[in-house]
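Written out below as structure tokens is the structure these notes cover.
The values are calculated or read from the model by the stated rules, or taken from the named source; none is laboratory data. Bear in mind that the values here come from a model prediction, so they are computed numbers and not experimental data. Positions of Cβ are backbone-derived with ideal geometry, glycine not excepted, and every protein chain shown enters the neighbour counts. Note: accessible area is taken over every heavy atom of the protein model, side chains too, but ligands, DNA and RNA are not part of it. Shrake-Rupley method; radii C 1.70, N 1.55, O 1.52, S 1.80 Å.
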Amino acid sequence: MEDYLECKLGLYLEKYYFILHEKVLTYCTKQNGPKVGQIHLQISKFQIRDLTLHIDTGMDKIILIFKNNQQRDQWYDAMMQTVDSIENEILKVKQLQSQFDELLKQFVKTIEPNPTFQEASEKLDQCGNKILDDISTIAELFTNKSSEFQSCESLNDDYAQTLKSPPIYDIVEAPQININIWGHLKQKIQMSLRDMRIPIYLQSPQTMLQRISEQMIYADLLNTANQYKDQELRACYCLGFYLSQYSKIQLQLPILSHLHETYEIIDSFKYISEQVADDNIAFFSNSQFFELSGAIKLGNYFRDLQLNITIDKKLNILLRRGRDLFQIESKDHYIQIRNLITQKPEVQVFGTINIQNSQVKGQVQFDKGVIQGQVGKYIIKGNCEKITATNSYNEQFVIFKQKEGFKYDKHSQLLPPSDSRFRKDLIAMRQGNFQIAQQYQNEKIIFPNSWFQMSTDYQYKGGYFSLARQYN
């Protein structure tokens, strides 16, 4: 179905050539002309008002204007038939998923005891779980369609223009300014980092969410862990991934993120993090090899003129092969920043890290950058540049080695306005406009909804990633 229709996009009236094909409504400048945009109907809401039809995906909104009721009803009925057919197909997919899952469990359980088929059993289990995960993702796109982009609905017009790829700027170094840091901080010792309002030129041009996400450059450690059968060695690589966050601690503090601000990475994995509370960040990531989730609570206190940043982090890592779940948690863990007064800061890390699953337990100690501990038969030793695991046969495995530079900036072509890349203060900093950046940073912005459950463990709700987001 296709025809010329008047429509309203934002504040402007336009006339485009609309084409309804399957579940997508495409509009072009003219018949056989270049495409202007498209609306995915399976995640859209519809509302009829007189001679208009309002279509809202949560991120895009278009109002179609018809000549008469007959024309309006023809287009509306055609769209509803498309949506209804999708609902029926999704129901069939869910039924098929349930049947496949049951047959897979029975078949694997039958052939697993036979050593001849052990390798085939593991491969079948891995492939089957991958298929089930993919089916779940596809089914989720429809079942979560009404809430998929609710976090973008209540934003003001200033953010409407940010629903495309964010601008990229070369980073301009902050000017060298002589400042009495102790004079700035001594009146704020009892305050949280958020209340201190540290001057913009003392911060790095990245948000706290972006800083936390830098750990994902070491996601290949989880891919490696997934390949081994040895439970203790798998735990060592998971531990190496956890400790990788301290590989290169920057001396400048990042910009604190707004409430419900988000940051995503799309690579060989999908990653989403969010500022779920003033001092809490939650994150979720998955790939064909692993699924990880967790939360970080940051605090701070001064002692002997030293700034101590406390870190309460919980991380759950599910390795796809064998469906092994490892839980890692920090205890009495903090980063100490010395020599703030002399403006020659030094950073040291202290604390205890515990890891466990149903079969393995381990612990490492972090003391002034030196790492020591044990996971089963493996002795863990190293520092912020390299960590090894050595077993009783003197076999040594490098479970972490520092890489140069975090270069991940891969993301969807379509981003929600809550993404850190759209922050005006961050953009101004990268352009070298630090006074403007300071003005923007003083603005209080709260995004309306969260992608994580507001509980102690901040579990991911699902529904952030969607086919409608047009991945690169």
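Structure data summary
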| read-out | value |
| --- | --- |
| Residue satisfying all of: in segment 386-429; within 19 Å of the chain's Cα centre (by Cα) and charged (D, E, K, R); most open to solvent (accessible area, probe 1.4 Å) among these | Lys407 |
| Some residue of segment 239-248 being at pLDDT 90 or above and not hydrophobic (A, V, I, L, M, F, W, C) | yes |
| Residue match in segment 23-39 (condition: at pLDDT 70 or above, buried (at least 17 other Cβ atoms within 10 Å of the Cβ) and either over 30 Å from Asn449 (Cβ atoms) or among the aromatic types (Phe, Trp, Tyr) (or both)) | yes |
| Total residues in segment 412-465, condition aromatic (Phe, Trp, Tyr) and either part of a strand (DSSP E or B) or at pLDDT 85 or above (or both) | 5 |
| Filtered residues of segment 53-64 (kept if crowded, with 16+ Cβ neighbours inside 10 Å, at negative phi and either part of a strand (DSSP E or B) or among the small types (Gly, Ala, Ser) (or both)) | Leu53, Ile55, Asp56, Lys61, Ile62, Ile63, Leu64 |
| Verdict on Thr456 being within 30 Å of Val364 (Cα to Cα) and surrounded by 15 or more Cβ atoms within 10 Å (Cβ to Cβ) | no |
| Pairs with Cβ under 7 Å, 6+ apart, first in segment 49-66 and among the aromatic types (Phe, Trp, Tyr), second modelled with pLDDT under 90 and surrounded by fewer than 17 Cβ atoms within 10 Å (Cβ to Cβ) | Phe66/Leu51 |
| Filter pass, Ser268 being surrounded by fewer than 22 Cβ atoms within 10 Å (Cβ to Cβ) and in contact with a Phe, Trp or Tyr (Cβ under 7 Å, 6 or more places away or on another chain) | no |
